[in-house]
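Notes to accompany the following structure.
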Amino acid sequence: MKWSKVEEKIFVAIMICSTVVVLSSLALILGTVIWRGLPALNLAMLIQTPKGGYYLGKEGGILNAILGSLFLAGGATALALAISLPIALYLHFYAERSWHGEVVRLALDVLWGIPSIVYGAFAFTLMLWLGLRASLLGGIIALSLLELPIMTRGMDEAINMVHPLLKEASYSLGATRLETALKIVVRQSIPGLLTAVLLAFGRGIGDAASVLFTAGFTDHLPTSLFEPAASLPLAIFFQLSTPFPAVQDRAYASALVLTGIVLTLSLISRRLAGRLTEHVIR
Amino acid sequence: MLSDRKSDMSEPHIRMNDLNVWYGSYHILRHITADIPAQGITAIIGPSGCGKTTLLKSINRLLDEMEGTRVQGQIWLDGMNIYDNGVDVTEVRTRVGFLAPKPSPLPMSIYDNVAYGPRIHQHDHNSRGSKNQDLDRIVELNLRAAGLWEEVKDRLRSSASQLSTGQQQRLCLARALAVKPDVLLCDEPTSALDPIAAQKIEAQLRELKKERTIVVVTHMLRQARRMADHVIFLWMGELVEAGPAMQMFAKPRDGRTQAYLDGDIG
């Protein structure tokens, strides 16, 4: 057999192996969560707050954490979006191939690699300086810092995929850079921008370390931006830390809820985006 | 030079004076001085890489958008040097439209593609009105001018990307016309099209030249012969010869023009 054929076979084998590894890890995680969590999951868990203090009891639910997580990650994603899109457009339209654009990209790549506990500690310092205590607002700030580099780099890549001819067409009609950016490039890159937002949201809602000091924890539902807010990752952490197997099973149920939220939001937003992407040039 | 002809009393529409363009350190256009008369079709011909597209894109300052490009010299458009400091580049591009070789529909409906230009300029022309009926009228008028109306009038709200390549190019033509340019620059406008679609574009341009100045870059000599009223021949970044098409094709003055027309070079 010719060497090039052997090469081909080796690479196909590697591809199959990597697919198996990725899919089986996903299946194992989901399997464990479903297998241990599903029996513990019940309606009370979804619609009640914890009884027995910090999830230690077997009664009550995790509604405080579900709502807390949605508010935290939703707020942080909105905040990060408000900052990311302008940065990504700036990088592309005003700092293209200039040294400060490259500096911003490098900084974002470094930020991406920073552990979330560091964001938590940084946001905590910021909050002390501002006179804030552990609160929903503090958590939103910390999570938005964590989401910012992920979202911005994702958007940057999506915008880079837009064909230069499309921009030229808009310029040649007398459009300014801003008009071209907002009316043409954003429209054309909506699928990629949405992926960036979802990626950042998923990362934000699943993060425990950055909200530990900043959002705090509570058994109550979040009612104000300045009150502490519970979150699903911390609920899972507390439940798993107890010595009671029945409560530990409730941790898996909480994880199942968290996975369900991310999956549902992802499906809904893709469905909604279908309408927005109707005119995208492929 | 075209303007030297005493019979032509009208001023040239576009006058290029000692135009030089560099890509980085590469001097791609050298000392171009030429006139483009009002109305009619002026064809810029020459072998590939001679700077035809660069010359074309310098006329509406699309070169500004390319990194590392430097322009020296003047281009006068109705008595205004478009490279003067303080000239509003979006105004230049509104007056000088551009049709790219490959159709590039915008990511929106057929209607919105044509309405895109008028919409972004509507705050400048409030007197002309920005009402929906006006926009409907503008869209219809320009789709007709581009010879596309009959084919799309029942599906104006569907995506521009669903049109065939030839229809997309005529849509791009309608879109360019909708901002009412005095000059239309066409960069090999039929090179991506099949012969029948190409014929339609050529026919529309011939119709449009009655009211507008049209500049066409083409590498197809036969197309230049069919369409052009005036010709500019470029060779290695230099202007070799410019003049009325009849004279250029029948009796070129320069040996290089003759050689190019005979197919000996290029």
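Figures for the structure shown
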read-out	value
Flag if A:ARG153 is more than 26 Å from A:PHE217 (Cα to Cα), under 14 Å from the mean Cα position of the chain (by Cα) and of a type in the set (Lys, Arg)	yes
Close pairs (7 angstrom Cβ cut-off, 6 or more residues apart or separate chains): on the phi > 0 side of the Ramachandran plot in region B:42-63, in a loop (DSSP other than H, G, I, E, B) anywhere	B:GLY51/B:GLY237; B:ARG61/B:ILE82
Checking A:PHE93 against (1) within 14 Å of chain B (Cβ to nearest Cβ); (2) surrounded by 21 or more Cβ atoms within 10 Å (Cβ to Cβ); (3) not acidic (Asp, Glu), the condition it does not meet	(2)
Selection from region A:1-32 of residues that are within 28 Å of the chain's Cα centre (by Cα) and not hydrophobic (A, V, I, L, M, F, W, C)	A:SER18, A:THR19, A:SER24, A:SER25, A:GLY31, A:THR32
Entirely in region B:1-107, the strands (runs of 3 or more DSSP E) that have 2 or more residues that are closer than 18 Å to B:GLU238 by Cβ	B:12-23, B:26-37, B:41-45, B:69-77
Matching option when the condition is modelled with pLDDT of 95 or more and closer than 25 Å to A:GLN48 by Cα, among A:SER69, A:SER144	A:SER69
Some residue of region A:143-153 being buried (at least 23 other Cβ atoms within 10 Å of the Cβ) and either charged (D, E, K, R) or within 14 Å of chain B (Cβ to nearest Cβ) (or both)	yes
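For every residue, the table says whether it meets (1) at the interface with chain A (Cβ under 7 Å from one of its Cβ atoms); (2) closer than 17 Å to B:PRO181 by Cβ; (3) basic (Lys, Arg).
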position	(1), (2), (3)
B:MET66	no, no, no
B:GLN72	no, no, no
B:ASP78	no, yes, no
B:ILE82	no, yes, no
B:ASP88	no, yes, no
B:ARG93	yes, yes, yes
B:ALA100	yes, yes, no
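The values are calculated or read from the model by the stated rules, or taken from the named source; none is laboratory data. Just so you know, these numbers come straight off a predicted model, no measurement behind them. We place every Cβ from the backbone using ideal geometry, glycine too, and count neighbours over all the protein chains shown.
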